[in-house]
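Novice: Got a structure here, written out as structure tokens. Questions coming.
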Amino acid sequence: MMPLGATPAAGAVAPSGIVAPIQPGSIWTFSIAVVGCENDSFTTRHKFVATDNGSGNKGTYKASGKHLTMTWTAGSAVGDVLTATYSIKKGIYRGSYTHAGQIFAVTGSPGATAGC
């Protein structure tokens with residue numbers, strides 16, 4: 001699969017008391033329909049970096065309760081935005097990924113996936 005951004009052929013506690021699943025030190029795989037996938041490592045100061053696809057992708061994130069927003073600030077996906085909501089029942093994020101004005105469905109799951 002292609003890295004994110006390629007052209008296709010700490011978690012805060014919300015008022016509800018739900019702790020965001022994204023935490024500094026965690027790695028998540030985000031799979032975007034048609035575009036590809038990326039393993040992202042979340043660090044302190046609300047930053048993330050792609051771990052193994054050579055894209056140079058990195059950016060900032062905001063995780064609050066069940067909601068996640070990621071904005072790419074460097075690499076092949078610079079300017080892209082992911083917004084997703086966490087499903088406690090399924091243990092994954094689902095939402096949208098915007099790349100070059102196009103919107104794609106996205107799923108985020110904990111851990112790294114080989115080949116991303």
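Novice: Looking at the range 44-64, can you tell me whether even one residue there is within 19 Å of Gly111 (Cβ to Cβ), modelled with pLDDT under 95, touching a Phe, Trp or Tyr at 6+ places or on another chain (Cβ under 6 Å) and of a type in the set (A, V, I, L, M, F, W, C)?
Specialist: Looking through the range 44-64, none of the residues is within 19 Å of Gly111 (Cβ to Cβ), modelled with pLDDT under 95, touching a Phe, Trp or Tyr at 6+ places or on another chain (Cβ under 6 Å) and of a type in the set (A, V, I, L, M, F, W, C).
Novice: Restricting attention to the range 40-86, which residues are assigned to a loop (DSSP other than H, G, I, E, B), of a type outside the set (A, V, I, L, M) and surrounded by fewer than 19 Cβ atoms within 10 Å (Cβ to Cβ)?
Specialist: Across the range 40-86, the qualifying residues are Thr51, Asp52, Gly54, Gly56, Gly65, Lys66, Gly79.
Novice: Can you report the number of residues in the range 87-106 which are surrounded by fewer than 18 Cβ atoms within 10 Å (Cβ to Cβ), touching a Phe, Trp or Tyr at 6+ places or on another chain (Cβ under 9 Å), within 19 Å of Val34 (Cβ to Cβ) and not hydrophobic (A, V, I, L, M, F, W, C)?
Specialist: Summing the residues that are surrounded by fewer than 18 Cβ atoms within 10 Å (Cβ to Cβ), touching a Phe, Trp or Tyr at 6+ places or on another chain (Cβ under 9 Å), within 19 Å of Val34 (Cβ to Cβ) and not hydrophobic (A, V, I, L, M, F, W, C) in the range 87-106 gives 3.
Novice: Among the numbered criteria (1) closer than 16 Å to Pro21 by Cβ; (2) of a type in the set (Ser, Thr, Tyr); (3) more than 14 Å from the chain's Cα centre (by Cα), which one does Thr44 miss?
Specialist: (1)
Novice: Still on this structure, please answer the following. Report yes if Ser31 is modelled with pLDDT under 85 and out of contact with any Phe, Trp or Tyr (no Cβ under 9 Å at 6 or more places or on another chain), otherwise no.
Specialist: No; evaluated as a whole, the condition is false for this residue.
Novice: Here is a check on your reading of the model: is Ala50 of a type in the set (A, V, I, L, M) and farther than 23 Å from Ser87 by Cβ?
Specialist: Yes; evaluated as a whole, the condition is true for this residue.
The values are calculated or read from the model by the stated rules, or taken from the named source; none is laboratory data. All figures in this text were calculated on a predicted structure; none of them were measured in a lab. Methodologically, a virtual Cβ is constructed for each residue, glycine included, from the backbone with ideal geometry; neighbour enumeration extends over all protein chains shown.
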